[in-house]
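Scroll down for the structure; my scribbles are underneath it.
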Amino acid sequence: MGAAEIGRNLISKVRVLLFDMDDESGAGRELRQLLEDCWNPFFKVKQHTIGILNFGDAAKQLSSVLSTARPEIGILIFNAKCRSVASEVFSAWFKGAPGRPFIVVPPQSDDDEQVDEMLLGPGAPEFVSRPFQRADVLRRISRALSKIEKEDEAPRHLEEKIPLTRFIGRSSALLTCLEHLPAIAQSNCPVLICGETGTGKEICAEAIYRLSPRVGKPYVPINCAAISATVFESHLFGHAKGAFTSAEQSSPGLIRDADGGTLLLDEINSLPLELQPKLLRVLENNEVLPVGASKPLHVDVRIIATTNENLENLVANRHFREDLLFRLNSETILMPPLRERVSDIPLLARFFIEQICAKADVIALDLSQEAMQKLLLYDWPGNVRELKSVIERAVRHCEHAVICDNEVCLPHVAADTRAKSLKNRSAEFRRREISHLLMVSQGNISQAARQGQIDRRWFVHQMHRYHIDPTCYRPQSSPRPRTLS
């Protein structure tokens, strides 16, 4: 691939910050010269695009460098003597420039665990080996920049149409989810929002309402799991006077309260089976039959439903009507879990810290690198809601200006897991990731490496290290991994 071909695909005046911690080898000067020679016709690299910094206390200096240089890409070259400092640089980069690509260039022939730990961390998508190969370096820089273009363009495009102030994050998983929200909002069809607890389904529903032509009309949210089964029918569909003993006067019900506007049925998987035909009637005929009434009443309401369970499984187990599911999922939105939005964790954590501190009228706290790493390695079964709870507790317990890792309490981590070293947790994470990528690619190593945005040579090395056989993931083979001979 030629420089001109790559150059046409890149954004202009890109800022690359190259951290040279191996000055004796001359690798930093070699890489800088390679980039300047190839990019100069397109990006004027020699004008403040690339700077080589030799760090003594790297992590402490990095925050000021990031604020002044504002780089789009970070490249770290280090030798065997400064592995621990290199790890600090990576952690500080991910904290100061979340979501920005970071390229690691370890010592030649280095096979140390420290390299693996840095590469395992979110935000380190590329791995460049020495000696440098011109085409390989340019391809990885180009791929990193293409991600920046997508990340920058998507929020700008969406901000024009979506109230993003309630959606904190820039990850591709979140932006992909939000991409079709404006078009969905403009229609009048039912919407089913699926996702685990705490992923922001209610926020998504409210965004649809605010983007729709029905904004300004009633918006009535109902938590189906919070209403007693004995009063659910009259509460939702209304009742006529005298319909039951305590019905001294008629009640319109929440569906009619939302007439002309939008009704949110939160946790619709909790809707009693016997009431589902009545809701289906609302969806199909725009009619509601109050309890004790003889004639249905016309309603004009758009229904948005959320679920934290797989409704198809409920249908299979006869706990949910299939025809109702077909009507609800005219448009389906899947909210990604937080473990698929790892690059958003620093943004969310800082947002919650600032929000909590502002409410308490105190100066905003900071997060230590160790605390941030702890947040990044956690699986977050409770998603964003759990993260907010953890941050609230950490702010309350913090005795200084910086939240330490021992003040970040993760309740769902088992005692034996909590005692494991970062190295062991990283190994488990990498083993699962390698296996998942091979499963998705059906054992195609090149495709798996591309999907994981990982250097193919390093990917092969990891397969051998964890005794994972790619042939076990190919269609003709058994799905169970076996030990490599």
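The values are calculated or read from the model by the stated rules, or taken from the named source; none is laboratory data. Note that the structure is predicted; figures quoted are calculated from it, not measured. Here the Cβ is made from the backbone with ideal geometry for all residues, glycine too, and neighbour counts use every protein chain on show.
Quick notes on this one:
- In the stretch 274-292, the residue that is nearest to T332 (Cα to Cα) out of those that are hydrophobic (A, V, I, L, M, F, W, C) and part of a strand (DSSP E or B) is V288.
- Taking every residue in the stretch 380-408 that is within 18 Å of D366 (Cβ to Cβ) and pairing it with any residue that is among the hydroxyl-bearing types (S, T, Y), at least 6 positions away or on another chain, the pairs with Cβ-Cβ distances below 6 Å are V402/S368; C404/S368.
- Yes/no for D361 being more than 28 Å from the chain's Cα centre (by Cα), over 30 Å from S228 (Cβ atoms) and not polar (S, T, N, Q): yes
- You will find that of L347, L324, the residue that is at pLDDT 90 or above and either surrounded by fewer than 19 Cβ atoms within 10 Å (Cβ to Cβ) or not in a loop (DSSP other than H, G, I, E, B) (or both) is L324 and no other.
- L273 aliphatic (A, V, I, L, M) and touching a residue at least 60 places away in the same chain (Cβ under 8 Å): no
- Tally, over the stretch 181-205, of residues that are without any contact (Cβ under 8 Å) to a residue 60 or more places away in the chain and under 17 Å from the mean Cα position of the chain (by Cα): 1
- Tallying residues that are more than 14 Å from R393 (Cβ to Cβ) and without any contact (Cβ under 8 Å) to a residue 40 or more places away in the chain within the stretch 362-377 yields 6.
- If you go through the stretch 333-379 and pick out every residue that is basic (K, R) and under 10 Å from I391 (Cβ atoms), you end up with 1.
- Here L263, L273, L283, L311 are screened, and the one residue that is over 22 Å from S228 (Cβ atoms), touching a Lys or Arg at 6+ places or on another chain (Cβ under 8 Å) and of a type in the set (A, V, I, L, M) is L283.
- Output for the stretch 293-321, where each listed residue is part of a helix (DSSP H, G or I) and surrounded by 14 or more Cβ atoms within 10 Å (Cβ to Cβ): L311, L314, V315
- Whichever residue in the stretch 395-446 is touching a Ser or Thr at 6+ places or on another chain (Cβ under 7 Å) and at pLDDT 85 or above and, among such residues, is nearest to Q462 (Cα to Cα): D405
- Of the residues making up the stretch 430-453, those that are over 12 Å from P470 (Cβ atoms), surrounded by 15 or more Cβ atoms within 10 Å (Cβ to Cβ) and not acidic (D, E) number 5.
- Within the stretch 130-169, tally of residues that are of a type outside the set (A, V, I, L, M) and either at pLDDT 75 or above or over 19 Å from the mean Cα position of the chain (by Cα) (or both): 14
Okay, residues lined up against (1) of a type in the set (V, I, T); (2) more than 30 Å from A183 (Cα to Cα):
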{"site": "L275", "(1), (2)": "no, yes"}
{"site": "K278", "(1), (2)": "no, no"}
{"site": "R281", "(1), (2)": "no, no"}
{"site": "N285", "(1), (2)": "no, no"}
{"site": "L289", "(1), (2)": "no, yes"}
{"site": "S294", "(1), (2)": "no, yes"}
{"site": "V299", "(1), (2)": "yes, no"}
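- Check on D379, on the phi < 0 side of the Ramachandran plot, part of a loop (DSSP other than H, G, I, E, B) and either buried (at least 20 other Cβ atoms within 10 Å of the Cβ) or of a type outside the set (K, R) (or both): yes
- Residues (in a helix (DSSP H, G or I) and either buried (at least 20 other Cβ atoms within 10 Å of the Cβ) or touching a Pro at 6+ places or on another chain (Cβ under 6 Å) (or both)) located in the stretch 328-344: L328, L338, V342, S343, D344
- Where Q373 falls short, out of the listed (1) polar (S, T, N, Q); (2) farther than 25 Å from N269 by Cα; (3) in contact with a Leu (Cβ under 6 Å, 6 or more places away or on another chain): (3)
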